[in-house]
Amino acid sequence: MDPERSLAFRGFQKRSPEKVKLRKRKSALYAGAQDQGSGGRGLLGENTYLVLLTVAFRVLNCALVQTSFVPDEYWQSLEVAHRMVFNYGYLTWEWTEQLRGYTYPLIFASIYKILYLLGKDSVQLLTLAVYQSPSSGVAVKLNTVLCAPRTSSRESGYLDPQAWPSTSVCCCRCEAILTHETTGEPGSGKMGGSKTRSSVKYSSLVALAFLIRPTAVIPWVPLLLRHFWQEQSKLNLLLHHFLPVGFVTLSLSLMIDRIFFGQWTLVQFNFLKFNVLQNLGTFYGSHPWHWYFSQGFPVVLGTHLPFFVHGCLRAPKRLQTLLLAVLWTLLVYSMLGHKEFRFIYPVVPFCMVFCGCSLAQLKTHRKAALGFLLLSNTSLALYTGLVHQRGTLDVMSHIQKLCQDRPSKASVFVMMPCHSTPHYSHIHCPLAMRFLQCPPDLTGKTHYLDEAGMFYLNPLHWLHQEFQHNTSLPSHLIIFNVLEKEISAFLISRNYEKTAVFFHTHLPEGRTGSHVYVYERKSNEKFNR
């Protein structure tokens with residue numbers, strides 16, 4: 001070999017390991033793909049400050065929610081968990097009929113048990129530790145921010161349903177949390193596509209929502225069917241994702257309920273049989289078939305409604321399945337006689353996708369629209385979180401003080417519409433407490449009235465019949481102010497004196513008054529003085 005060529009070859013070998021600088025591509029499409037592939041910078045990606053800000057917002061939200069929403073948030077979770085750990089607590093008729101499962105209360109019971117073992121099971125820590133707003137605020141908000149690239153696009157937009165304060169009081173509904181958690185998986189972006197890497201995650205959350213409340217799976221029926229239809233390897237999706245997840249979650253639920261019920265039972269079937277097949281939920285009220293379309297859905301969306309309608313008209317075709325899921329849910333729930341606003345709350349995350357589409361289409365009036373949404377929802381959130389329906393919680397804090405004074409001599413009778421207040425989960429001491437019962441008719445009687453119904457037919461007569469002897473009188477009575485005039489003769493004759501007043505709502509309705517009164521029975525000597 002020529003010596004000059006040999007030297008040149010060796011020189012090339014020495015220079016070859018050097019990195020070759022490539023010209024940077026300026027294509028936005030190329031840059032977007034590169035960013036998605038890198039997965040962002042750090043654990044929180046490029047949205048670190050946004051994540052911290054939104055988490056801080058939800059922590060503040062937790063402190064600002066000081067009102068009650070629905071009885072189930074206490075009676076079907078916290079009260080059951082308190083009984084599981086501390087061996088006292090009231091179980092409603094749903095538990096004796098095995099319509100509810102222990103999987104959901106077990107979450108709170110675990111927190112209770114940890115606090116008990118640490119010797120920190122004060123009533124303040126118990127109610128604070130299991131408050132559901134922080135869980136919705138942190139888990140859901142992190143999911144929204146970190147998964148934003150796959151959940152939305154610049155063309156369609158995405159409006160986080162929890163970014164608006166009007167949902168702050170209701171976002172603790174577990175079905176809504178789980179629905180929001182999975183919105184970015186089969187429901188938007190690729191709409192399931194052909195990749196199944198995320199199938200286990202979202203199908204697990206859907207299965208968990210089904211275990212907690214079987215009707216929570218309704219919004220996911222169209223999305224699951226589309227995912228299955230578009231999946232190329234349908235058998236693999238079914239055998240390696242859906243069936244294993246369903247088997248594991250259902251087996252876990254069966255074992256948990258076997259431990260606490262003492263027998264094998266499928267509570268999900270019992271729940272569907274009672275509420276769907278037998279339609280016995282109408283005992284708690286019924287509404288016309290169009291109620292969700294004419295009242296329920298507009299109220300749930302509130303000021304977002306015009307943006308939702310506009311977004312539906314301007315959204316890309318790939319989001320049609322989300323709209324189908326919303327309509328499907330409204331139609332299915334419309335077939336049931338008993339209707340409530342909270343039942344359709346799980347579709348709110350889907351609706352916010354279309355609200356985001358609407359805002360993305362706005363050019364000149366986008367800031368005005370955002371300002372309108374922010375102001376309208378902030379005022380509503382502050383009112384519902386700090387003012388509306390707070391009396392029934394405040395009065396339990398007052399009653400809890402009896403545990404420190406003379407719990408063995410005190411007794412409480414809540415003469416309100418049943419389940420108006422929390423129970424032992426907010427007292428945390430074995431104080432003698434009673435409330436008006438309202439189980440549905442499970443025997444087929446033609447003229448059935450529960451205890452609360454009989455009481456409100458003639459409250460004064462009922463009290464005289466129930467407490468014929470002074471020895472059985474409770475030391476404290478809790479009533480709404482609307483009942484005071486009707487039972488005043490009983491209160492005077494039995495030496496009851498008003499000792500506390502708590503504001504409840506500016507919008508009293510029916511048997512629910514604007515204020516909560518606490519009456520305490522005084523001794524004859526003290527009362528006469």
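The values are calculated or read from the model by the stated rules, or taken from the named source; none is laboratory data. Note that the structure is predicted; figures quoted are calculated from it, not measured. As a convention, Cβ positions derive from the backbone with ideal geometry for all residues, glycine included, and neighbour counts pool all protein chains shown. Only protein heavy atoms, including side chains, enter the accessible area calculation; ligands, DNA and RNA are left aside. Shrake-Rupley method; radii C 1.70, N 1.55, O 1.52, S 1.80 Å.
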TODO: Kindly indicate which of T384, T392 is of a type in the set (S, T, N, Q), farther than 20 Å from R83 by Cβ, in contact with a His (Cβ under 7 Å, 6 or more places away or on another chain) and crowded, with 18+ Cβ neighbours inside 10 Å.
DONE: T392
- [ ] Give the number of residues within the stretch 269-293 that are part of a helix (DSSP H, G or I) and either open to solvent by less than 60 Å² (accessible area, probe 1.4 Å) or of a type in the set (A, V, I, L, M) (or both).
- [x] 12
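Okay, residues lined up against (1) surrounded by 21 or more Cβ atoms within 10 Å (Cβ to Cβ); (2) touching a Pro at 6+ places or on another chain (Cβ under 9 Å); (3) modelled with pLDDT under 85; (4) not charged (D, E, K, R):
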residue: T179; (1), (2), (3), (4): yes, yes, yes, yes
residue: T183; (1), (2), (3), (4): yes, yes, yes, yes
residue: K190; (1), (2), (3), (4): no, no, yes, no
residue: K195; (1), (2), (3), (4): no, no, yes, no
residue: R213; (1), (2), (3), (4): yes, no, yes, no
residue: V217; (1), (2), (3), (4): no, no, no, yes
Open item on the list: Quick check on H428: is it on the phi > 0 side of the Ramachandran plot, out of contact with any Phe, Trp or Tyr (no Cβ under 7 Å at 6 or more places or on another chain) and open to solvent by 30 Å² or more (accessible area, probe 1.4 Å)?
Closed with: yes
- [ ] Name every residue in the stretch 313-345 that is closer than 15 Å to H287 by Cβ, in contact (Cβ under 8 Å) with a residue 40 or more places away in the chain and open to solvent by 80 Å² or more (accessible area, probe 1.4 Å), in order of residue number.
- [x] M335, F341
Open item on the list: What's the total number of residues in the stretch 208-247 that are within 24 Å of W95 (Cα to Cα) and touching a residue at least 12 places away in the same chain (Cβ under 8 Å)?
Closed with: 11
